Structure formats: C-alpha cells, structure tokens
Amino acid sequence: MSALQDYLRYIVTLTAVLDPFLAIPIFVGVTAARDDGGRRRLAQVVTVTVFLVLVGAAVFGESLLKGLGASLAAFQVGGGLVLLLMALAMLNAKVGEMRQTRAEAEELESGEISGVVPLAVPLLAGPGAISTTIIAARAGGAVHLAGLIVCIAVVCIALWLLLRVAPSVGERMGTTGLNIATRILGLILAAIAIETMADGLKGLFPALG
C-alpha cells in the first residue's frame, strides 16, 4: 500500500508541476494559425518530448547527481525550493520565470519557433518536473523505475488529451476557470514542496528528525 501511495503521490505532484491548465492558453495561442491536423501534431510532439525528458531524468538523474558529488538530501532541499517558487507563481495564476522567462515568452509569441521549445521544455518539463522525477526515482531498482515510467506515461496521456481539446477547454472554462484550476494545483504543490524540503533538511541535519 505504501508503494501505491508513493506512485499516486508522484502522479499528483507531477500533474501539479506540469499544470496543463496553465499551458492551455499558451498552446491555443501558438496554434491559432494552424488547422486541426497541425494542432494534433504539435500536441503529440510536445507530449512525447515531455515523456522522454522525464524518463531520462528518472533513469539518469541520480547517477548524474552522484557524478557531481551532490547528495540527494541537498537536492531535495533545492528541488523543494524550486517547487515552492513555482507554487507561489501558480497561486497568483502566473507562469513565473521559473517556467518561462519574458524573452522565452516573446520568442514563443513571435511564431519564430515551433512551440516545442519552450512549450515542452522548459514550460512543462522544466526544472520542477525534472527535480520531482529525480527525487521520486531515489529508491532505485528496475521495478520501481518501471513503475515511475508508467506514472509518467499516465500523466503524459492526460496532458495529450487536454492539449488535443485545448481550444474547447479554454473556451468552456474561460480565464477564470483556468486560473482557479491553476491555483488549486499551486496550493497542492506548495504543500508537497514544503514536505520535500523538510525531508531534505532531515537528511542533511539528522538531529532535526
């Protein structure tokens, strides 16, 4: 049951970090001049890119940390801080520069790029999603890694479905509805971020436990 709860927690956390509701108006804006086929293709490419980036983080992330000499506890504190900053922006219904800088937003709006970058990376699969995945993969083992990949696939399928119907969802929910959904996810993410930081601090300073 504990393992199942961990996977469910990861799914909820990753959903909150990706926040597809925040990406919907951006996706609609990027694809405004495209036909249905173009939107479907971009939604597929964005989703596959997010999936590959997160799977890569799950498989190689911890090894990279060890190679750099960084402890997992320190990464939990740093990753939790990143998530908290993202959550604070989400509570204000804003993208936040942690996801997308002003220059990246202007580049995306100009239509000079395909939308995969910076829409897939770093808006969706950015520092928050990558750090969350690396922390979740800390238990190690092929079975655990396979479970995480399944979780990533579930979240990415949900993301793909939302992007596929992004214009309809955006029209029905409106700006207020999308902002409310983002704020709710931001509140959940803030709680998870603080818990992640607390676990990291306990690892760095055992006396706190």
Residues that are at pLDDT 90 or above, under 14 Å from the mean Cα position of the chain (by Cα) and assigned to a loop (DSSP other than H, G, I, E, B): does the stretch 74-96 have at least one? no
Over 30 Å from Ala198 (Cα atoms), part of a loop (DSSP other than H, G, I, E, B) and touching a residue at least 60 places away in the same chain (Cβ under 8 Å): does that describe Ala33? yes
Leu4 being surrounded by 13 or more Cβ atoms within 10 Å (Cβ to Cβ), in a helix (DSSP H, G or I) and either out of contact with any Asp or Glu (no Cβ under 7 Å at 6 or more places or on another chain) or at positive phi (or both): no
Counting only residues that are under 14 Å from Leu91 (Cα atoms), surrounded by fewer than 16 Cβ atoms within 10 Å (Cβ to Cβ) and more than 16 Å from the chain's Cα centre (by Cα), how many does the stretch 171-209 have? 3
Yes or no: the stretch 26-40 includes at least one residue that is touching a Cys at 6+ places or on another chain (Cβ under 6 Å) and among the polar types (S, T, N, Q). no
Could you check the stretch 112-209 for helices (runs of 4 or more DSSP H) lying wholly inside it with 1 or more residues that are within 15 Å of Arg9 (Cβ to Cβ) and touching a Gly at 6+ places or on another chain (Cβ under 8 Å)? 127-136, 166-204
Would you be able to tell me the number of residues in the stretch 10-27 that are in contact with a Lys or Arg (Cβ under 9 Å, 6 or more places away or on another chain) and assigned to a helix (DSSP H, G or I)? 2
Starting from residues that are touching a residue at least 12 places away in the same chain (Cβ under 8 Å) and of a type outside the set (Gly, Ala, Ser), keep the ones in the stretch 158-168 and report whichever is farthest from Val45 (Cα to Cα). Pro167
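The values are calculated or read from the model by the stated rules, or taken from the named source; none is laboratory data. Because the structure is predicted, anything quoted here is derived from the model rather than measured. Neighbour counts run over all protein chains shown; Cβ positions are idealised from the backbone, glycine included.
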